[in-house]
Amino acid sequence: MFFIFRLNVHPFTPSPTVKMASNVTAQSVLEKISVDHLECSICTNRFRQPKLLDCLHSFCLQCLQELRQSQDPSGTKLTCPLCRCETTLKGSGVADLPNNFAFSALVEEVTMQEKLLEVKGSEIKCQACDEENQAISRCMDCDHFLCQECQKAHERMTAMKSHKIYTLAQLRSGEIVYKSKLREEVPKCCKHPDQNLNIYCNSCEQVICTTCSVLDHAKHSLTGLPEAAEKCKKKVTKMVQKSERRKKELRNTIEKTCKSCKELDTMFANAQKKVSKKAHQEITKIQQEVAKIQLGIPKIQNEEEKLKQEMGRIYQERVTTFEAAQANNSKEVTQTEHKLEEVKQLMNQASCCEILELEQKLLHNLSELTGKQPQQVPDKFTFMDFEEGERSLGRLILEEEPKAAVEPSPRPGRSCVEEKWELKTEEQSRGAAKQSPRPGRSGVKEKWELKTEEQSRGAAKQSPRPGRSIVKEKWVLKTEEQSRGGAKQSPRPGRSCVKEKWKLKTEIKNFELSVSSFMSLVAALSNNQILALALSVPFSGERETLFTVIIPKSHQESPIIRPQINGLTNVRCIAVSKDNKLFVIDGQKVKVFSKQHQLHQFKPGKWLHSQPTCLAVDDSNLIAVGYDGKNEISLHNPDGSRIRRLPAPMIGDYLTMHNHHLIYTNWLNKRLVCVDYYGASVFSVDMTSNMQEGYYPNGVCCDSDGSIYVAVFGHPTGDILHYSPNGKYIGCVINGCSDPRGITFTVDGDLVVAAGQSVQIYHRV
């Protein structure tokens, strides 16, 4: 920072009281100037031989020499104690750093003004004689205080008649401003000490003397100092304007963040009120009902507490985000203002030589300022609301949802005719296969059959559940011969005894896999193609293989293609999005491909140092990557940027996503687990009683209505189990699969199973 301070005191004669007040004010101003601008931050004394670092901070020469001794005496770097920026030392080290002549001159000028304003200022002695007479004036050319006799002698001498002499009263009043001789000092050439630096070399970007210009810079582009300084000032002015705009942007961001934080506070308070209001309404309603209904009060209160805790946690996270952004932006504003103030003062006060010598440092500092961007907080962080529910207290809404609801289209491959389900007795079901009565039911034999409204004429009517059929879906693996007339099968322990009627539509076997390889994962594209990933047992030496299968329209053999995808070396998992993008876990990276080429890749678990074990993509192209060794899921945006890490206890090798829920299985603990996108547990189901002893869960997928299907395996065969969206066991829908692992649904609603060394496709009948 470079300043010239003027104390403008009008030259009138005030009363003693006014004069004392005026003097005190002037002294206090000088004191503040000294403390704020003229004191070294290391020794807290006024600057002595101030030197300038690359960051534009100044310190005493001796202080910097001591600082270097304490840091690294033999090093070529010096760290600024204020901003921690490093300055490269050259030549003689600290001594060769640029002198801050403006600071030295300012210290001298302020010291002089203080001496004039002191109560004993009238006792200033003459510096031109040894008689210690009281000084009455000062010669600005000789830089001496003069007594009356010396002033007369001064004025008599011919050589000194042109000198400018001013009285102490003129200096005290501010009528005449004292300027240090240091401001007029012209730097000398280090190679030719008798030569002034008076030329600027554009080629070398340095100030030189006349002799240097002839000897060392003869063929270089040379410019006069005023012209070069003017050009430098224009560059700096342009960068200052950029920095000013950035400062304004930072201030606007701070204001916006402050406003957003207030909006969040308001939304948080309103949402809490809504939660409490709804909770109190429900509690009051329950209290008015019979005593057994009152058992629901603790549940509502517990739900209210959970909602408030979750809301409070999210609120605190967002407030912390806002505060961090505010603190960072405020720090940036302070640093920007400080730099700009230093640059402006330097441009106003420094000489042409100094400006040109410091050009690169000035431009570097200003470039750093303009390169930094303010830390923005997403607008959606201000939104928080509560939506009442019919069967539960309600749910938190953390992002503003679209107001207009879109009418869902019927599932592709399904008839748009309204489906009705009908229970028929044996007499009504002529030709149907016999079935032993279900335990706990009457001895009348029953058959379940799907009929359209037109087919159900004369049958007993039954109103379906809104949005769903009232009869549970049934899947079974059957050959063509077994499907005729129905095959008998005794119920398994813990299973539903209703015979399940599903049919194997297609089985693709011609993959030519070795005995050590098996189909692990399947993914369905929207164009009737299936991607299948074959893995091999550890240490077999076999490589993983990716196949593309075109679903046949008849019983003809399905064509199988091995797609050539460059850049894949260690494929572990695959998934496909609604827009047919392929997501692959390759080593520790997730790679994203379109049909033509790779789009991008990212490494989701940089902080985990672990191998990802499962992968899923939802309808919004959000990407979930699971780590069984860390019991965590990393949730990412489509571009790979991380949204958050969330706990996922017992996560294994298979994962799916539906309706903002993450659903996965655990082989060893025989669990089906569901968490939301913030890691909150939705359900955790023990599957032991739902499958045979020695069976373990593998792949998992969801139908369009949220129904959950799990492949369970007990060498060499397995089953497909059906669960409701809330984790309630419904029944076994396919039995007798060959080594089922990964499963998925096609756009037509068929179920695809990675089954041993084949791929099986089932459809509803």
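Any read-out appearing in this document is the output of simple, stated calculations on the displayed coordinates, not a laboratory observation. Quick caveat, the model's predicted, so the values are computed rather than measured. Every residue, glycine among them, receives a Cβ derived from its backbone with ideal geometry; neighbour counts consider all protein chains shown.
In table form, for the structure just shown:
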item	result
Unsatisfied cross-links (Cα-Cα over 30 Å) in the set Lys179/Lys233; Lys51/Lys234; Lys595/Lys728; Lys256/Lys308	Lys595/Lys728
Nonlocal amide H pairs with Ala616, under 5 Å, H built at 1.01 Å	Ala624
Computed magnitude of the charge dipole of region 627-765 (debye, nearest 20; Cβ of K, R +1, Cβ of D, E -1)	320 debye
Note, ³J(HN,Hα) from phi for region 60-75, Karplus 6.51, -1.76, 1.60, rounded to Hz, x at Gly and Pro	5, 4, 5, 4, 5, 5, 5, 5, 5, 4, 6, 8, 7, x, 9, x
Relative contact order (%) - criterion: Cα under 8 Å, at least six apart; region: region 226-397	44 percent
Region 502-764, dipole about Cα centre (Lys/Arg Cβ +1, Asp/Glu Cβ -1), debye to the nearest 20	540 debye
Of Val377, Ser330, Asn348, farthest towards positive along the dipole that unit charges on Lys, Arg, Asp, Glu beta carbons give region 226-397	Val377
Distance between region 597-670 and region 190-236 - C-alpha centres, whole angstrom	63 Å
Region 560-656 - percent relative contact order, Cα under 8 Å, separation 6 or more	19 percent
Protection proxy ranking, peptides 206-214, 519-527, average beta carbon neighbours within 10 Å, highest first	519-527, 206-214
Tail weight of P(r) past 34 Å, computed on alpha-carbon pairs of region 502-764, percent	10 percent
Fewest-first sequence of Arg68, Arg543, Arg741 by Cβ atoms within 10 Å of each Cβ	Arg543, Arg68, Arg741
Highest average packing first - 150-161, 612-623, 99-110, Cβ atoms within 10 Å	99-110, 612-623, 150-161
Using θ = phi - 60° and Karplus 6.51 cos²θ - 1.76 cosθ + 1.60, couplings along region 109-114 (whole Hz; Gly, Pro as x)	5, 5, 4, 4, 5, 5
Convex hull projection area averaged over all views, region 226-397, Cα basis, nm²	11.2 nm²
Cβ charges +1 (Lys, Arg) and -1 (Asp, Glu), total dipole of region 226-397, debye	260 debye
Residues His57, His220 arranged by fewest to most Cβ contacts within 10 Å	His220, His57
Given charges at Cβ of Lys, Arg, Asp, Glu: region 502-764 dipole, positive-most of Ala680, Tyr729, Gly640	Gly640
Table column - 3J(HN,Hα) (Hz), region 274-285, Karplus curve with 6.51, -1.76, 1.60, x for Gly and Pro	5, 4, 5, 4, 5, 4, 5, 4, 5, 4, 4, 5
